[in-house]
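Colleague: I'd like to ask you about the structure that follows.
The values are calculated or read from the model by the stated rules, or taken from the named source; none is laboratory data. As the structure is a computational prediction, the values presented were derived from the model and not from experiment. Neighbour counts are summed over all protein chains in view; Cβ atoms, including those assigned to glycine, are modelled from backbone coordinates with ideal geometry. Just so you know, the surface numbers come from the protein's heavy atoms only, side chains and all, with ligands and any DNA or RNA stripped out. Shrake-Rupley method; radii C 1.70, N 1.55, O 1.52, S 1.80 Å.
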There are 2 protein chains.
Amino acid sequence: MRPITEIAEKAGIPQEALELYGNYKAKINPLKLNTNTSSAKVVLVTAISPTPAGEGKSTVTVGLADALNQLNEKVIVALREPSLGPIMGMKGGATGGGYAQVLPMDDINLHFTGDLHAITTANNALAALIDNHIQQGNVLQIDPRRIIWKRCLDMNDRALRNIVIGLGGPVQGTPREDGFDITVASEIMAIFCLAKDLQDLKKRISDIVIGYTYQREPVFVRDLGVEGALTLLLRDAFKPNLVQTIEGTPAIIHGGPFANIAHGCNSIAATNTARKLADIVVTEAGFGADLGAEKFMNIKAMQGGLKPSTVVIVATARALKMHGGALKTELKAENVEAITKGIENLAKHVDTIRNFGVEPIIALNRFITDTEEELSVILNWCRENNVKIARTNVWEEGGKGGIELAKQVLSVINEENNFTPLYDISEPIEEKVRTIVQKVYGGMDVHFTDKALKQIVQIEKFGWDALPICMAKTQYSLSDQPNLLGRPENFTVTVREVIPKLGAKFLVCLTGDIMTMPGLPKAPAALKMDVDADGNAVGLF
Amino acid sequence: MRPITEIAEKAGIPQEALELYGNYKAKINPLKLNTNTSSAKVVLVTAISPTPAGEGKSTVTVGLADALNQLNEKVIVALREPSLGPIMGMKGGATGGGYAQVLPMDDINLHFTGDLHAITTANNALAALIDNHIQQGNVLQIDPRRIIWKRCLDMNDRALRNIVIGLGGPVQGTPREDGFDITVASEIMAIFCLAKDLQDLKKRISDIVIGYTYQREPVFVRDLGVEGALTLLLRDAFKPNLVQTIEGTPAIIHGGPFANIAHGCNSIAATNTARKLADIVVTEAGFGADLGAEKFMNIKAMQGGLKPSTVVIVATARALKMHGGALKTELKAENVEAITKGIENLAKHVDTIRNFGVEPIIALNRFITDTEEELSVILNWCRENNVKIARTNVWEEGGKGGIELAKQVLSVINEENNFTPLYDISEPIEEKVRTIVQKVYGGMDVHFTDKALKQIVQIEKFGWDALPICMAKTQYSLSDQPNLLGRPENFTVTVREVIPKLGAKFLVCLTGDIMTMPGLPKAPAALKMDVDADGNAVGLF
């Protein structure tokens, strides 16, 4: 690793804008950067629908940035911060892999610079202030049955999904139903990632709807008068974090909403900071193009005044094999037939990106067990369908393994594309959701439960309907049923709740049985973690 | 402020042991310090029973260190980290006051270097892993009705004191009673503050009792096998934090258990790091001498191999006036009679410190409204009772206002004292508690509820009784009833629960109606907090 001061200098960040966190991490104060707007190109990396076989999206994102760096482009990679929930649960780490990683891996995967903790704290300070307001006389007449603000933890903790609080008698609060979300699904996280600056952050926080009065009127954070305190709790966290890739490319890692239960993109503050400093910003959006990329296009790009100059879709032979019906236990065996069938998942994501007016580039991310015959199925399909494709081998080779992809990216990013969001936010809520289901998921229709329909009526009554939609949907399928792999058709998506997030400026639609608080698996990754005698981390990968 | 690298150099901390957090904060890696044991003297600062009038204990602690620094002594001040709970609630800040403060005040009061967040995370990771173990088949046969491990937040949130979790059906966990403590009351915080090194930290975590099986056998963290992961979550936080006073005296701030519901002292890691570097370490223990100082003597000093070379008791005329019956609204008026009566509170704390074999020094901390006649009541009482006393005016004058106190401290710290804890840990639990109640609180006896008696039987059955006692008691009174000010007598303290904390190596006794999760007041300090247009904090003081 090179000292972070060197990386900062390379990125053109002046000393006075830098706040060191040890020798290899720093926060960047955007107020102290040259504030000229930028003509930097944004390259979005997305993927096919994920499977347990893995597609290596973060790895390709980092590897592509390193490749552009090798080609002497002025490039910064912008990524999300990992959540401790999946790290303790399934994954054990989230910083890319092999020779395409961001460093220092331990720190980034553990508490990093504390941003998620600050978000958790602001979220829960608001919750405590709401319950305290009720306890101290409830001047605002908040109906404890109609509070929609939930508590949160950066943890996978299913036992906190549905709880009853305030038990124990009058001194201990008012009994009511409540629940914890994972921090990455908090509206504070969304606001943190969508706010342009500290003033915008505070304004958005003041606009959060926390619940309704006994008279069914909405109650906002500004009614409680605590937006200043919550903004203060986020002040330092709101500065983007600078680290580096293994090859010394500057990386800005900031904000980390999941793409299934939230909007799935790193902060606008990070992307815009990177755009001020570099000519090319490589960024990723979470899970498949149906989730992160859709929200990048319809939410982040619109709110941040960005447009993607091109979109890379990461695909692997292994994952397409699973989409074609192969079992997880048989992925090492050649299976041309399964890939031939499974490629329909990739085809759908290509169609989706084209629906946004952007021509995608496929990154065919090589795994050691892939056979040439398997790979040629994908290459041939791309040729036949006029889809750009580049082979990548960044896990093994770092930036060198991404040169072909980088060259393809460079060949198109200076051309104007026809990027446009899929819907106009002034359309009715049901229409906007239907557009996403049909044009992005490839489904037939949407079913709104009675509860969702009532919520829509209420949202329209208050005039909050002219906002984009943030779908909460399983990442495993294009539909809302996790077991439907490949390219399902003729399905109907069920929207069971519509929740206004006026601070984030979007409406969340919960589909299927997606949970905003994940659970831990039978054998959590935590069981393998340790610290050795010299204080080194064990079990993060 | 001077750059923290300068402060480190002054303190004799080598570059390689320093991890910068911005320009004015750093973590110290104790593994990279010279490990020679030290003959440094430890000066403990405690106080009379606190009142809303304030006694300025942190201010005097910092001012005394600055005064010793002015006298060219090699001194470091070791303090606790503030909790966001009281900052958002009552106090708005906790870094001393006036010209006797630690800096940077904003950072220390907000998230600082994230230590409390790491402790919260480790505490709640354990809770999630326990509930997940039950959900995934419960091989250990943990009885959900007998889990004693609670969740925590660094927040005053009374609605979380008594909750029911795991509602919503079989996929969402097992319904059971639970509750949140404030982070500073977590056993992880106690362990963090009492562990000698990373190995000891891990060993103690593995020894935590989380609950009991259906067969009523204890279940330890080691049975779950997650002590490695929890230690990893604490690894970086466990390094003590270096900051500075306004006058540039090195300050180590690390760990922050409250003294009413926990053991009330900064970490042994911090105190021992300071002892390696300085000749004199000035440290404080929370609230009055009945709480923080008692636990410093009986718990921290014993576990850390320390002894206090002298003890300073901070007193103010205003607070003694309240102990003598003056109303909070009448404190500005001279009231010699009330002080003459209220001095009995100070007298009890003097007796207490003498019971430990140490001769205390009173710091008479001046407030602007004190009259000379009021102060002379206290000075005369000290003279008549052969108690050392020094006037301090550090809020207004910084170290200069503490020179008289510093000189008195210097005149005694090289003499051997007869320091000894008040009880032998091998005595029966009831005896140890009775000793504290009689010799420290000045009470007559202890009443154990049936529940507490049953718990004692169980603790003895498992052989866990040879541990010191950590009393949880109101800070406002020497008794367990907050409204009994002054020096109450002939009272009985009720112990309603006895909770084994085998990782911390003490037994917690809950008395009266003390809560391990505080609530917010009617007008929380949060209402006045804000960030100005330049990003400066408003409303922290």
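Colleague: Where Lys and Arg each count +1 and Asp and Glu each count -1, what net charge lies around residue B:322 among other residues with Cβ under 11 Å from its Cβ?
Modeller: That sum, taken over residues with Cβ under 11 Å, equals +2.
Colleague: Sticking with this one: For residue A:34 paired with residue A:528, estimate the spin-label separation in nm (one decimal), with each label point 7 Å from Cα along the Cα-to-Cβ line.
Modeller: Spacing of the two 7 Å Cα→Cβ label points: 4.6 nm.
Colleague: Label position 7 Å from Cα toward Cβ: report the copy-to-copy distances for residue A:337 in nm, one decimal, ordered from shortest.
Modeller: Between copies, matching label points for residue A:337 lie 10.3 nm apart.
Colleague: For region B:58-127, build the charge dipole from Cβ charges (+1 Lys, Arg; -1 Asp, Glu) around the Cα centre, then report which of B:101, B:67, B:125 sits farthest towards its positive end.
Modeller: Highest projection toward the positive end goes to B:125.
Colleague: Can you give the charge dipole size of region A:115-234 about its Cα centre, rounded to the nearest 20 debye, using +1 on the beta carbon of Lys and Arg and -1 on the beta carbon of Asp and Glu?
Modeller: Dipole of region A:115-234, to the nearest 20 debye: 200 debye.
Colleague: Net charge within 9 Å of residue A:360 by Cβ-Cβ distance, Lys/Arg positive one each and Asp/Glu negative one each, not counting residue A:360 itself?
Modeller: +1
Colleague: While we're looking at this one, here's another question. Run the numbers for residue A:439 and residue A:72: contour at 0.36 nm per residue of separation, minus the present Cα-Cα distance, in nm.
Modeller: Full extension of this stretch gives 128.3 nm more.
Colleague: How large is the accessible surface of residue B:328 in square angstrom, using a 1.4 angstrom probe and rounding to the nearest 10?
Modeller: Spelled out: residue B:328, probe radius 1.4 Å, area about 130 Å².
Colleague: Over the heavy atoms of residue A:541, what accessible area does a 1.4 Å probe trace out, to the nearest 10 Å²?
Modeller: So the heavy atoms of residue A:541 present about 140 Å² to solvent.
Colleague: Set the Förster distance to 60 Å, then compute FRET efficiency between residue A:431 and residue B:513 from the Cβ-Cβ distance, nearest 0.05.
Modeller: Between residue A:431 and residue B:513 the formula returns 0.60.
Colleague: Treat every Asp and Glu Cβ in chain B as -1 and every Lys and Arg Cβ as +1, leave all other atoms uncharged, and give the resulting dipole magnitude about the Cα centre to the nearest 20 debye.
Modeller: For this selection, approximately 700 debye.
Colleague: Quick one: if you stick a label point 7 Å off each Cα along the C-beta vector at residue A:414 and residue B:375, how many nm between them?
Modeller: In this crude label model, residue A:414 to residue B:375 measures out at 7.8 nm.
Colleague: Given charges of +1 on the Cβ of Lys and Arg and -1 on the Cβ of Asp and Glu, with all other atoms neutral, how large is the dipole of the protein assembly as shown about its Cα centre, in debye to the nearest 20?
Modeller: Dipole size: approximately 520 debye.
Colleague: In addition: What chymotrypsin sites (Phe, Trp or Tyr not before Pro) does region B:150-228 have in DSSP loop regions with at most 16 other beta carbons within 10 Å?
Modeller: Passing sites in region B:150-228 are B:214.
Colleague: Could you sort A:411, A:38, B:477 by accessible area so the largest value comes first, with the probe set to 1.4 Å?
Modeller: Greatest to least solvent exposure: A:411, A:38, B:477.
Colleague: Further question on the same structure: Taking every pair of Cα atoms in region A:429-510, average 1/r, invert it to obtain the Kirkwood radius, and report Rg/Rh to two decimals.
Modeller: 0.98
Colleague: Still on this model: Separation of region A:396-432 and region A:479-498 by C-alpha centroid, Å?
Modeller: 25 Å
Colleague: Another question, then. Which parts of region B:511-541 would a label at residue A:139 reach, counting a residue when its backbone N lies under 12 Å from a point 7 Å out along Cα-to-Cβ?
Modeller: Only B:522-524, B:527 pass the distance filter.
Colleague: In terms of solvent-accessible area of protein heavy atoms at a 1.4 angstrom probe, what is the ranking of B:302, A:515, B:297, highest value first?
Modeller: I get B:302, A:515, B:297, largest accessible area first.
Colleague: In addition: Accessible area lost on pairing B with A, both sides, 1.4 Å probe, Å² to nearest 100?
Modeller: 5800 Å²
Colleague: Let me ask you something else. Kirkwood Rh, Cα Rg: Rg to Rh for region A:1-87?
Modeller: My calculation puts Rg/Rh at 1.01.
Colleague: Roughly what would the spin-label model give for residue B:457 and residue A:536, points 7 Å off Cα along C-beta, in nm?
Modeller: Label at residue B:457, label at residue A:536, 5.3 nm between them.
Colleague: Right, another one. How big is region B:1-160 along each principal axis, measuring the range of its Cα positions in Å and listing the largest first?
Modeller: That gives 64, 44, 31 Å along the principal axes, largest extent first.
Colleague: Follow-up. Quick one: work out the % antiparallel among DSSP beta bridges in region A:397-541, nearest 5.
Modeller: Within region A:397-541, antiparallel bridges account for around 50 percent of the total.
Colleague: Measure of size requested: the Rg and Dmax of region B:178-268, with Cα atoms as the atom set and Å as the unit; please supply both.
Modeller: My reading of the Cα-based Rg and Dmax gives 15.5, 59 Å.
Colleague: Let me ask you something else. On alpha-carbon atoms, Rg over Rh for region B:115-234 using Kirkwood Rh?
Modeller: Here the Rg-to-Rh quotient is 0.96.
Colleague: Just for region B:429-510, what percent of DSSP beta bridges are antiparallel, to the closest 5?
Modeller: 40 percent
Colleague: Another question, if that's okay. Provide the percentage of antiparallel DSSP beta bridges, counting only those with both residues in the protein assembly as shown; round to the nearest 5.
Modeller: If I count the DSSP bridges inside the protein assembly as shown, around 45 percent turn out antiparallel.
Colleague: Still on this structure: For the Cα atoms of chain A, what angle does the longest principal axis make with the long axis of helix A:57-70, in degrees from 0 to 90, nearest 10?
Modeller: For helix A:57-70, the angle is close to 60 degrees.
Colleague: Also, quick follow-up: Just tell me the longest site-free run in chain A, where the sites are GluC sites (Glu not before Pro) in a DSSP loop having at most 14 other beta-carbon atoms within 10 Å.
Modeller: So the longest stretch without any such site is A:1-414.
Colleague: Ordering B:254, A:447, A:133 by how much accessible area each has at a 1.4 Å probe, largest first, what is the list?
Modeller: Ranking B:254, A:447, A:133 by accessible area, largest first, yields A:447, A:133, B:254.
Colleague: List the distances, in nm to one decimal, from the label point of residue A:521 to the label points of the same position in every other copy, shortest first, placing each label point 7 Å from Cα along the Cα-to-Cβ direction.
Modeller: Distances to the matching label points in the other copies: 5.0 nm.
Colleague: If R0 is 45 Å, what FRET efficiency do you get for residue A:497 and residue A:329 from their C-beta distance, rounded to 0.05?
Modeller: The value I calculate is 0.75.
Colleague: Next up: Let me cross-check residue A:381: its accessible surface, 1.4 Å probe, with only protein heavy atoms counted, in Å² to the nearest 10?
Modeller: Residue A:381 has an accessible surface of roughly 50 Å² with all protein chains in place.
Colleague: Taking each label point as 7 Å beyond Cα in the direction of the beta carbon, state the distances from residue A:373 to the same residue in the other copies, shortest first, in nm.
Modeller: 10.7
Colleague: On average, how much accessible surface per residue is there in region B:115-234, in Å², for a 1.4 Å probe, leaving out ligands, DNA and RNA?
Modeller: Computed with neighbouring chains in place, this is 28 Å² per residue.
Colleague: Sticking with this structure for a sec: Within region B:189-265, which trypsin sites (Lys or Arg not before Pro) sit in a loop by DSSP and count at most 14 neighbouring Cβ atoms inside 10 Å?
Modeller: Hits after loop and neighbour filter: B:216.
Colleague: Which values of log₁₀ I(q)/I(0), to two decimal places, follow from the Debye formula for the protein assembly as shown at q = 0.10 Å⁻¹ with a uniform point scatterer at every Cα?
Modeller: -1.22
Colleague: Further, regarding this structure: Specify which residue in the list A:134, A:271, A:376 is farthest towards the positive end of the charge dipole of chain A, using unit charges on the beta carbon of Lys, Arg (+1) and Asp, Glu (-1), about the Cα centre.
Modeller: The one lying farthest along the dipole's positive direction is A:134.
Colleague: Which three semi-axes in whole Å describe the equivalent ellipsoid of chain B, each the square root of 5 times a Cα gyration tensor eigenvalue, listed largest first?
Modeller: 36, 28, 23
Colleague: Where Lys and Arg each count +1 and Asp and Glu each count -1, what net charge lies around residue A:502 among other residues with Cβ under 10 Å from its Cβ?
Modeller: With Lys, Arg at +1 and Asp, Glu at -1, the neighbours total +1.
Colleague: Something else now. Gap in Å between the Cα centre of region B:198-213 and the Cα centre of region A:51-111?
Modeller: Using only Cα atoms to place each centre, the spacing works out to 33 Å.
Colleague: Also, quick follow-up: Starting from the Cα-Cα distance between residue A:396 and residue A:215, subtract it from 0.36 nm times their residue separation and give me the gain in nm to one decimal.
Modeller: Going from the current span to full extension adds 59.0 nm.
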